[in-house]
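The structure appears right after this line, and notes come after that.
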Amino acid sequence: QMAGHSVYRRFTDRDAYGRGAKFMAYLNYLLADQGGLKPFIKKFKDAWLFKPFFTIDFQTALETHMNRSLSSEFNQYVYGLGGIEKNHKVLENPNRPVLSDEYIFSLL
């Protein structure tokens, strides 16, 4: 259950380093005929650079890249026994103001 936590949890699960590395190695194996995981990671990084993303975003992009579902693998190894709904909606904190991209970049 590396990613099946509350959306308000702000630290990385310790399992992400051991079991997560093994899961990424498994994904690399599944993508062996396409050059492994590195080409996908580069494409994903280019698309999501400086944007927040969730595990479900990574999963969806990977499934699109591979043209197959990875729900059973992610439910078993990443989300835990309960899994996560594909249409999981993240609830925004009502006390946090919504900031435009222009305003955020003006702070830099």
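Just so you know, in region 10-62 the residues that are among the polar types (S, T, N, Q) and within 30 Å of residue 99 (Cβ to Cβ) include one that is modelled with the lowest pLDDT, and it is 12. Out of the residues in region 13-34 meeting the condition of being in a helix (DSSP H, G or I) and over 16 Å from the mean Cα position of the chain (by Cα), tell me which one is surrounded by the most Cβ atoms within 10 Å (Cβ to Cβ). Looking at the filtered set, the residue picked out is 30.
The values are calculated or read from the model by the stated rules, or taken from the named source; none is laboratory data. What you see is a predicted model, and the numbers here were worked out from it, not measured in a lab. Backbone-built Cβ (ideal geometry, glycine too); neighbour counts: all protein chains shown.
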